Every structure is written in structure tokens, then in C-alpha cells.
Amino acid sequence: MKLLIVLNEDNGINSRLGFHFGRSPFFGIYDTNSKELKIIKNIIDHSKNQTPVDQINSLGIDMVYTQGMGRKAYDLFKNKDVILKTGNYETLKEVIDNIDNLKDLKEDNTH
């Protein structure tokens, strides 16, 4: 499973988490099977014919960890069967170490 984690910085496993899906400058992509981690710049282009969710989905993402996202992105991810997770963590390492404890992102975490 590929997990996308919203990040504020590129500091490897110690990167601090971002708080909003679309506004964070980096994403961590963690493959739970191979244990491989990649950090990429958030290069989502809101002017493309593809929605930001489609652009993320093209990376083969199965799950997204964020502490918040807009209602439209929430609905689009849900329609594509992407699992949305959240939790009270501060670093990428904490999220990876607690994958089994992540909570479902609920509609009340959208705005």
C-alpha cells in the first residue's frame, strides 16, 4: 500500500507534518510493503485539466494522511476509494511508526 503524507519540509524521516493537504510544500510517499520512503515537492497544478486529486491518484496512492483538507478534495478522494487518515502526530516518523493506529479522516475535518 502506498501512503501519501502531507509535509511542511524535506528533512527525511524527521520531516515535520503539514496541516492541510493542498497547501503543504512536500509530500512523503511511503510504501508499506517495501518500506521505501520518497519525499517529493508538492507540484500540484490547479490549472491543469486534471484535479489535484487526480494528479495525486496518478502516483498510485492508496491512502492519504493529513490533518485537514477541503471538502471538495475529501469527496473526490472518497469517490476514488482512497483511504483518508489523520492523527495527532508531528513528524513523518511518528506517522510511519503508527500506521496501524491512524484514525479515519471524518467529514468534520474538512472545510
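The values are calculated or read from the model by the stated rules, or taken from the named source; none is laboratory data. Given the structure is predicted, the values throughout are model-derived calculations rather than measurements. FYI the Cβ positions are ideal-geometry reconstructions off the backbone, even for glycines, and counts take in every protein chain you see. For accessibility, only protein heavy atoms count, side chains too; no ligands or nucleic acids. Shrake-Rupley method; radii C 1.70, N 1.55, O 1.52, S 1.80 Å.
The table below lists the values:
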{"item": "Members of the range 68-105 that are touching a residue at least 12 places away in the same chain (Cβ under 8 Å), open to solvent by 40 Å² or more (accessible area, probe 1.4 Å) and outside any helix (DSSP H, G or I)", "result": "80, 83, 89, 90, 103, 104"}
{"item": "Any hit, the range 22-29, residues being out of contact with any Asp or Glu (no Cβ under 6 Å at 6 or more places or on another chain) and part of a loop (DSSP other than H, G, I, E, B)", "result": "yes"}
{"item": "Flag for residue 54 being within 20 Å of residue 94 (Cβ to Cβ) and free of Cβ contacts under 8 Å to residues at least 40 places away in the same chain", "result": "no"}
{"item": "Looking only at the range 33-58, and only at residues there that are surrounded by 14 or more Cβ atoms within 10 Å (Cβ to Cβ) and at pLDDT 90 or above, the one that is nearest to residue 100 (Cα to Cα)", "result": "37"}
